[in-house]
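The values are calculated or read from the model by the stated rules, or taken from the named source; none is laboratory data. If you're wondering where the values come from, they're calculated on a predicted model, not measured in any experiment. When we count neighbours, we look across all protein chains shown, and the Cβ atoms used for this are built from the backbone with ideal geometry, even at glycine. For the accessible areas, the whole protein counts, side chains as well, though only heavy atoms, and no ligand, DNA or RNA atoms are used. Shrake-Rupley method; radii C 1.70, N 1.55, O 1.52, S 1.80 Å.
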Amino acid sequence: MDDEYAKLIRRMNPPRVVIDNDACEDATVIQVDSVNKHGILLEVVQVLTDMNLVITKAYISSDGVWFMDVFNVIDQDGKKIRDREVIGYIQRRLESNASCFLSLRGSVGVMPSEEHTSIELTGTDRPGLLSEVCAVLSDLHCNVVNAEIWTHNARAAAVVHVTDDSTGCAIEDPKRLTTIKELLCIVLKGNNDLKAAKMTLSPPGITSRERRLHQIMFADRDYERIERAGLVRHKDESSRPHVTVLNIEKDYSVITMRAKDRPKLLFDIVCTLTDMEYVVFHGMVNTGRMEAYQEFYIRHIDGLPISSDAEQERVIQCLEAAIERRASEGLELELCTEDRVGLLSDITRVFRENSLCIRRAEISTKGGKAKDTFYVTDVTGNPVDPKIIDSICQQVGQTKLQVKHNSTLLPKPPQETTMGYLFGNLFKA
C-alpha cells in the first residue's frame, strides 16, 4: 500500500530537471527537483557518474517531502557539456530515474540475463590471486567478458561476467556451475584466512556493478583494520582520507570528509551512506585543485542521528574504506588488443611471473576488442621497477600494453586547513 501511494504521489508531481550552461563560467549546472524518497540522491549521482561526468560542486537539500539538488559538472576534458543530444539524454535519464519508484526490498538485482553469467567473489587478497582465478575460469572453458576487481585492507572482491567459450552464451548447467563454485572457493581460500571465501552467482539487475562491489566489501567487513603480517601495508597517514562526525542541534549528525580528489568519489560516499541506511538532508561538495571536501547533514532512516561512540567510529571506518577502495594505487597499465579466449589468464600470469601485484582492475570487451586496465605495485606495495615494466611490455607487445599513469609520482597535496561550511554561507573554506 505504501509503495502504491508513493507511486501515485510521484505521478502527480513529475520531476523537473534544468540543465544550464550560462549560470556558471566553468561548469554546466544541473538542477533536479523531485518528490523526495530514500535513495534518490544515489540514483541521481549514479546517472551522472555513469555518463562519466565530473562533479565539481554540489548543493543538496531534501529536508521534507521535496528533493532539490544542484550539481556543477564538466566532462572528462574539463569542459562544459555542449552537445544537445548528450544534454537531452542526461535530462531524460534523470527524469526517468527520479520518477520511478524502487522498493528497498528490490535493491539487489533479480533480472535474468541470457548474455552472461555474473559471478561475485570475495576472499583474502594475495599476490597472484587474480591470475589463479583467471586460470581456473579458463580451464573450465569460461570466457571473461567484463569484470571489476577491488582490493582493500587485505581483502579482495570481484564481480565477473563470464560466458561459455564455445557458445558465447551464459552458463546455465547446474552441475557445471557447482564445479565452478567449488574450484573458485578453493582458490579464494587463503592458507591462514580468518574469514571464509565466498563465490555466488547473481543475475544482473538494477544494482550497478560498482555498488555491488561496495556492498560485497562492506558485508565482508573490509573496513575493520586487521593487522596481519605480510598482508597489510603501512600507508603514509597524511595520504589517508580525513573523516569526522559531529552531532549538532535539530538532531542532525554532520559528516565532513577531506580526501584526495578523484573520479566517482561522491558516488562512493553516497553509495555507502545509503547502504548503511543513512539519509542525507543537506550537503555540499567542493573540489579544489587536488583535494575534495564534502559535508553532509544526516540521520539514520529511523529519524535518529548517530547516537553512540561505537556507531560514530563505524561510520568513520566505513566511509574511509569507501574512499580507499577505488583509490588509484600504483602504476596504471592499459591493455588494448583483439579479444580471445584465455587472454586475461595469460596477461595476469605474466604479471604474476614478474612479481607484480594487481591492486585494482577493470576488464571490458566490446566488438571483439579487449580493453583492460590494471593498477599494479610490487608484492610489498612499493612502486614497480621500470625495467620490469619494459620487459613485460616487450613480452606482451609495446602497442598492446602501455603505461597510462603512475600515482606514485604525483606531488602530495598542499597541507591546508579546511573548516566545514554549509552552502558556502555559514562557514568559509
query: From the square roots a ≥ b ≥ c of the eigenvalues of the alpha-carbon gyration tensor of the stretch 275-407, which class results: rounded (a/c under 1.5), prolate (a/b over b/c), or oblate?
result: prolate
query: Among 57/264; 37/260; 369/400, which pairs are too far apart, with a Cα-Cα distance over 19 Å?
result: 37/260
query: Counting only protein heavy atoms, what percent of the accessible surface of the stretch 261-412 is carbon or sulfur at a 1.4 Å probe?
result: 49
- request: Rounded to the nearest 0.05, what FRET efficiency do residue 21 and residue 52 give with R0 = 25 Å and r taken as the Cβ-Cβ distance? Could you check?
  value: 0.90
statement: Net charge near residue 337 (other residues with Cβ under 14 Å of its Cβ; Lys, Arg +1; Asp, Glu -1) is 0
- prompt: Solvent-accessible area per residue for the stretch 279-332 at a 1.4 Å probe radius, Å²?
  reply: 37
query: If the chain between residue 313 and residue 79 were fully stretched, how many nm would it gain, using 0.36 nm times the residue separation less the Cα-Cα distance?
result: 80.4 nm
Filtered GluC sites (Glu not before Pro), the stretch 309-370: DSSP coil and at most 14 other beta carbons within 10 Å: none
query: Accessible surface of residue 213 in the full protein assembly, 1.4 angstrom probe, to the nearest 10 Å²?
result: 0
- line: Subtracting the Cα-Cα distance of residue 385 and residue 246 from 0.36 nm times their residue separation yields 45.6 nm
- request: Could you calculate the contour length gain from residue 96 to residue 277, that is, 0.36 nm times the residue separation minus the distance between their Cα atoms, to one decimal place in nm?
  value: 62.8 nm
query: Local charge sum around residue 85 (other residues, Cβ-Cβ under 14 Å, Lys/Arg +1, Asp/Glu -1)?
result: +2
- request: Pop a pseudo-label 7 angstrom from the Cα along the beta-carbon direction at both residue 219 and residue 346 and give the gap in nm to one decimal.
  value: 3.5
message: Suppose each label sits 7 Å from its Cα in the direction of the beta carbon; what would the residue 166-residue 87 distance come out to in nanometres?
response: 5.4
Solvent-accessible area per residue, Å², over the stretch 21-65 with all protein chains present [probe radius 1.4 Å]: 37
query: So how exposed is residue 66, as accessible area in Å² (1.4 Å probe, rounded to 10)?
result: 90
